[in-house]
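For reference, the structure discussed in these notes is given below.
Where a number appears in this text, it was derived from the coordinates with a stated rule and is not lab data. Model, not experiment: these values are computed from the prediction. All Cβ positions, even for glycine, are placed from backbone atoms using ideal geometry, and neighbour counts span all protein chains on display.
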Ligand code: NAD
């Protein structure tokens, strides 16, 4: 169980690029990183594409005015001159900027925590992996839902055979906020999401299904997709060539099959993510709208609900428990958990503790690469008229 006590020598000197006043995701990063006050300290930033607004915002967050910079290049250059300069930076900007900012940060000797989808191509992602290795720095990816403790309970139960052989994988991340084109006209954050120059080769596949795909990898690390078929479409025609809805079928190397539904036009839906793993003996099902409960359904027996924070859960799950059973936890705690994992990874990397780094389960550069590969394969299938393609 976590209690906020220090787990690393001192808080890491941390900066943000993006995540400014009007940014959607910036506050989630700060909720996660600053939750315990012992893992990260926000000391600098280039928070906004509009420098003046970014400086004012940074000062309101408690950052010294002279450490609120106009752009990320100045941030990295000026901080490198300080003895107390930043050690790690989070990138919370639109997709099309991730590669260049991450590359510049690694070249400046910084650890990087970057938003998903990590980059546009796996070629870029492998190049960044090599650069991070050369610089001995970590690149973490903010799959922000992956810190919910019960996902580790699912992982343990799949691993120790409590559902038998995995046969089917049912994944869903859908919402209805883009059911009409009104949001495309009103929201800057939506405008770039449907612009391939900024969003990349996909909309909902990258924007939301990468989260659920990572959850499936977290829960079933042994499962490899061998082939997939993706059909993607844009129900609001002006979003083409990017998709606001996608259906994917997967075949796994062990003979299991799966499906993913990613959609931003699931009108009225308010539940977002669902992951159901069907085994030969039993099934497990979890939703992010109700993250404190895990449904365990053994064939022929009454269904069970496993509750967060209870002593019957696996120790790998309860190690990330914060408030205790009965007391509501949610997305903030999930982000706090992944940020704590980033801090532990950075500390292990700095100490050259390869064993600790290898044992830590967190969304690392490989998870980021896999998300990019997932998008690439889905798009390749869809662009061939929804054909089965080998997963490359
Ligand atoms: P947004 O458009 O709402 O906000 C982007 C922020 O970045 C703004 O503050 C903007 O001023 C700033 N910015 C843009 N370019 C910049 C630059 N070159 N330098 C400094 N600041 C810059 O976007 P968003 O919805 O917050 O998404 C940002 C990223 O986060 C995207 O990659 C998106 O996919 C991802 N995201 C992740 C989650 C999650 O749960 N992990 C949730 C939402 C968004």
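How are the Cα pair distances of the range 40-97 distributed, in percent, across 10 Å bins from 0?
So the P(r) values, bin by bin, are 25, 59, 16, 0.
Can you compute the FRET efficiency between residue 135 and residue 301 using 1/(1 + (r/R0)^6), with r the Cβ-Cβ distance and R0 = 51 Å? Round to the nearest 0.05. Don't jump to the answer; show the numbers that get you there.
Working: r = 52 Å, r/R0 = 1.03.
The computed FRET efficiency comes out at 0.45.
Per residue and in cubic angstrom, what volume does the convex hull of the Cα atoms of the range 197-243 have?
Taking only Cα atoms, the range 197-243 has a hull volume of 91 Å³ per residue.
Over the chain, what is the relative contact order in percent, taking alpha-carbon pairs closer than 8 angstrom and at least six residues apart?
Normalised by residue count, the contact order of the chain is 20 percent.
Sorted by average packing, counted as other Cβ atoms within 10 angstrom per residue and highest first, what order do 321-327, 20-26 take? Provide the component values of the computation, followed by the final result.
Numbers: 321-327: 14.1, 20-26: 17.9.
Answer by packing, highest mean first, reads 20-26, 321-327.
When only Cα pairs under 8 Å and 6 or more residues apart are kept, what is the percent relative contact order across the range 130-213?
Normalised by residue count, the contact order of the range 130-213 is 28 percent.
What share of Cα pairs, in percent, lie more than 18 angstrom apart in the range 296-392?
Of all Cα-Cα pairs in the range 296-392, 68 percent lie more than 18 Å apart.
Based on the alpha carbon coordinates of the range 240-340, what radius of gyration and maximum Cα-Cα distance (Dmax) apply, in Å?
16.6, 50
Can you give the calculated 222 nm mean residue ellipticity of the chain, where each DSSP H run of n ≥ 4 adds -39,500 (n - 2.57) and the sum is split over every residue, rounded to the nearest 500 deg cm²/dmol?
Numbers: 14 runs with 137 residues, N = 392.
Mean residue ellipticity, 222 nm, calculated: -10000 deg cm²/dmol.
When only Cα pairs under 8 Å and 6 or more residues apart are kept, what is the percent relative contact order across the range 1-129? Don't jump to the answer; show the numbers that get you there.
Numbers: 224 pairs, mean separation 29.8, N = 129.
Relative contact order for the range 1-129 comes out at 23 percent.
Show log10 I(q)/I(0) for the range 70-208 at q = 0.08 Å⁻¹, two decimals, from a solvent-free Debye sum over equal Cα scatterers.
With one equal scatterer per Cα and no solvent, log10 I(q)/I(0) is -0.32.
Please arrange 281, 28 by counting, for each residue, the other beta carbons lying within 10 Å of its beta carbon, fewest first.
Ranked by crowding around the Cβ, least crowded first: 281, 28.
Per residue, how much space in cubic angstrom lies within the convex hull of the C-alpha atoms of the chain?
About 140 Å³ per residue, rounded to a whole number.
Which percentage, to the nearest 5, of the DSSP beta bridges contained in the chain is antiparallel? Show your work: numbers first, answer last.
Working: 38 of 64 bridges.
Counting only bridges with both partners in the chain, antiparallel ones make up about 60 percent.
Provide the three semi-axes, in whole Å and in decreasing order, of the ellipsoid equivalent to the range 1-46 as defined by the square roots of 5 times the Cα gyration tensor eigenvalues.
Over the Cα atoms of the range 1-46, the ellipsoid semi-axes are 22, 13, 5 Å.
Going by a ≥ b ≥ c, the root eigenvalues of the Cα gyration tensor, does the range 1-141 fall in the rounded group (a/c under 1.5), the prolate group (a/b larger than b/c) or the oblate group?
rounded
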